[in-house]
1. Residue by residue through region 82-132, note down the ones that are of a type in the set (Gly, Ala, Ser) and surrounded by 12 or more Cβ atoms within 10 Å (Cβ to Cβ).
2. Any residue in region 12-31 that's free of Cβ contacts under 8 Å to residues at least 40 places away in the same chain: show its pairings with residues that are outside any helix (DSSP H, G or I) and not polar (S, T, N, Q) at Cβ separation under 6 Å, as long as the two are six or more apart or on different chains.
3. Enumerate the pairs (first residue in region 108-127 and in the same structural domain as Val94 (by TED's automatic domain parsing); second residue anywhere and assigned to a helix (DSSP H, G or I) and of a type in the set (Lys, Arg)) with beta-carbon separation below 7 Å, excluding pairs fewer than 6 apart on the same chain, so at least 6 apart or on different chains.
4. Do you know which of the residues in region 6-60 that are among the hydroxyl-bearing types (Ser, Thr, Tyr) and not in a helix (DSSP H, G or I) is modelled with the lowest pLDDT?
Amino acid sequence: MPSVRHPSKPVKLIVFGIALLIGLGLSYCDVRGLLSPGVGTLVSFGYITLVGGLLVITGVVPLPQRGLGALIGARLALFAKSGACLLACFIWTVLVVHFAPDNAVGATILLGPLAIMFVGFLWFLARGFGLF
């Protein structure tokens, strides 16, 4: 097995220091009410994903080479695609509700692409878990 080379300790400190400053800035914006509730929720999920990815990439939380870690490492791209499809579903719904007309055409504009994105989410999630 090839060994994985992780960044040095000073690089890790700088990366996590920047992540901490971003988190403090987001917390400040949230306390002051500068972010709407929807944007604040999306930013929170994005920040948690960013920090989780940094923990894995820098090797602070190593993925084992065997067992569940190898499975997660091999399927991580599929889980990321499923998450992107689900995020696209949420963003599409919010945008179309504001701009589409309130009739059958608007419902079609909302539900057609939403169904396709949701099927994509389910497909990538099922492949990530090895069901297909």
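1. Across region 82-132, the qualifying residues are Ser82, Gly83, Ala84, Ala88, Ala100, Gly106, Ala107, Gly120, Ala126, Gly128.
2. Matching pairs, first to second residue: Cys29/Leu35.
3. Going by the 7 Å Cβ cut-off, the qualifying pairs are Phe124/Lys81.
4. Of everything passing the filter in region 6-60, Thr58 is modelled with the lowest pLDDT.
The values are calculated or read from the model by the stated rules, or taken from the named source; none is laboratory data. In this text, all values refer to a predicted model and were calculated from it rather than measured experimentally. Virtual Cβ from ideal backbone geometry, glycine too; neighbours counted across all protein chains shown.
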